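The values are calculated or read from the model by the stated rules, or taken from the named source; none is laboratory data. Predicted model, so just to flag it, every value in this text is computed and none were measured. When we count neighbours, we look across all protein chains shown, and the Cβ atoms used for this are built from the backbone with ideal geometry, even at glycine. The protein model used for the area step is the full one, side chains on, heavy atoms only, and it has no ligands, DNA or RNA in it. Shrake-Rupley method; radii C 1.70, N 1.55, O 1.52, S 1.80 Å.
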Amino acid sequence: MHLFDARHCLLGGYGIVGGQIPPATGAALALAYRHGPSPHGDAVMCLLGDAATNIGAFHESLNLAAVWRLPIVYVIVNNQLGMGTPVEAAAGEPELFRRGCSYRIPGQRVDGNDVLAVREAARDALDRARGEHQPMLVETVSYRLRGHSVVDPARYRSDADNRRLRDLDPVPAFRARLIDDAVLDAGSAARIDGEAEQVVAEAVEAAEAAPDPDGETLFDHVYATPVANTPQGRPGDPVVTP
């Protein structure tokens, strides 16, 4: 949730459900100001969960994207559960890719467990977003293998369902597909796994060894450039009156 990397144009995650949708739409507006449609232009991909399609900001953003012809692809990761509520019990239109119809935004539903199907759908949507400034919507249907959070025991699914869904996990399934198609051999796959685990282990080690941040840096980088009268108070600080 708290990752941000301007160099790679990753604008981060948000603690508010759907909080990323308006800023992503704003980023697409900035791109539209900078250049017109082009096959090699920039576009925004905004990832959101199935439940986020029920908030007002989703519909407001899609409406503006359609009116202003913004280069953006909204990707709905539909794991079929909003926390513990099935999509069918919370959405009047459970085929979420159809939500764009009200704004004349084309949509497509794909198997989110099929890596290549998702890649092709994303490529097609990005081509239209870049080349036509046509906002697009892609719904990828998948599952989550654990609870919504660490405090969710996921008792709304049976053990049999969990076993069935685990067999559909796209990562091992795609690995097996690559091996079956002779694109990858088992030894190379194992080496890739080992390298990935080593990167994660080193990152965890570096994080645990890093010193705790100094409280005085709490307000650093809140804005890209200095802003006058930025609040600097912290919980517990005495109230200072002018």
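Tell me the carbon and sulfur percent of the accessible area for the chain, rounded to whole percent, probe radius 1.4 Å. Don't skip to the answer; put the middle values down first.
On the way: 9120 of 16040 Å².
Result for the chain: 57 percent of the exposed heavy-atom area is carbon or sulfur.
When the chain is treated as a GNM, springs tying every alpha-carbon pair under 10 Å, which of A121, A160, A32 comes out with the largest mean-square fluctuation?
Answer for the Gaussian network model of the chain: A160.
Can you list the residues, at least 5 places off or on another chain, whose amide H is less than 5 Å from the amide H of S142, using H built in the peptide plane?
For S142, whose amide H was placed from the backbone, the distant partners under 5 Å are N78, N79, Q80, G112.
Could you tell me the relative contact order of the range 6-146? Use alpha-carbon pairs under 8 Å, at least six residues apart, and round to a whole percent.
Values: 245 pairs, mean separation 40.0, N = 141.
Computed over the range 6-146, the figure is 28 percent.
What percent does the relative contact order of the chain come to when contacts are Cα pairs within less than 8 Å and at least six residues apart?
So the answer I get is 16 percent.
Using a ≥ b ≥ c from the Cα gyration tensor of the range 1-86 (square roots of the eigenvalues), is it rounded, prolate or oblate, where a/c under 1.5 gives rounded and otherwise the larger of a/b and b/c decides, a/b for prolate?
In terms of gyration-tensor shape, prolate.
Can you work out the Karplus-derived ³J(HN,Hα) for every residue in the range 173-189? Use 6.51 cos²θ - 1.76 cosθ + 1.60 with θ = phi - 60°, whole Hz, and x for glycine or proline.
Calculated HN-Hα couplings, in order: 5, 6, 4, 4, 5, 5, 5, 4, 8, 6, 7, 9, 10, 4, x, 5, 4 Hz.
Go ahead and collect, in residue order, the members of the range 32-62 whose backbone nitrogen is under 20 Å from a label point 7 Å along the Cα-Cβ direction of M83.
It comes to 48-58, nothing else.
What list of ³J(HN,Hα) values in whole Hz, one per residue of the range 110-118 in order, does the Karplus curve 6.51 cos²θ - 1.76 cosθ + 1.60 (θ = phi - 60°) give from phi, with Gly and Pro shown as x?
Values, residue by residue: 10, 6, x, 8, 9, 4, 6, 5, 5 Hz.
Only bridges whose two residues both fall in the range 6-146 count here: according to DSSP, what percent of them are antiparallel, nearest 5? Write out the running numbers ahead of the final one.
Values: 2 of 19 bridges.
Given both bridge residues lie in the range 6-146, the antiparallel proportion sits at roughly 10 percent.
So what's the range 169-210 giving for Rg/Rh, alpha carbon basis, Kirkwood Rh from the mean inverse pair distance? Don't skip to the answer; put the middle values down first.
Working: Rg = 13.8 Å, Rh = 11.6 Å.
So for the range 169-210, dividing Rg by the Kirkwood Rh gives 1.19.
Taking N as the number of residues in the range 6-146, what value does Rg over Cα atoms divided by 2.2 N^0.38 Å take?
For the range 6-146, the normalised Cα radius of gyration comes out at 1.00.
For a quick check of your reading of the filter: which trypsin sites (Lys or Arg not before Pro) in the range 110-155 sit in a DSSP loop and have no more than 16 other Cβ atoms within 10 Å?
Sparse-neighbourhood loop trypsin sites (Lys or Arg not before Pro): R144, R146, R155.
Long-range amide H contacts for C46: which residues qualify at under 5 Å (H placed 1.01 Å from N, peptide plane, sequence gap of 5 or more or a different chain)?
The list, which skips near neighbours in sequence, is V73, Y74, V75.
Would you mind counting up the charge near L116? Only other residues with Cβ under 12 Å from its Cβ, with Lys and Arg at +1 and Asp and Glu at -1.
Residues close to L116 contribute a combined charge of -1.
At what distance in nm do the modelled label points of V115 and L47 sit from each other, each positioned 7 Å from its Cα along Cα→Cβ?
Taking the two extended label points, one gets 1.5 nm.
Would you calculate the separation in nanometres between label points at D5 and A206, each defined as 7 Å from the Cα along the Cα-to-beta-carbon direction?
Between D5 and A206, the label points sit 1.1 nm apart.
Over the chain, give the accessible area per residue in Å² for a 1.4 Å probe, as an integer. Can you show the working numbers first?
On the way: 16040 Å² over 242 residues.
The answer is 66 Å² per residue.
Looking at the chain, what % of the alpha carbon pairs are farther apart than 25 Å?
Counting every Cα pair in the chain, those more than 25 Å apart make up 58 percent.
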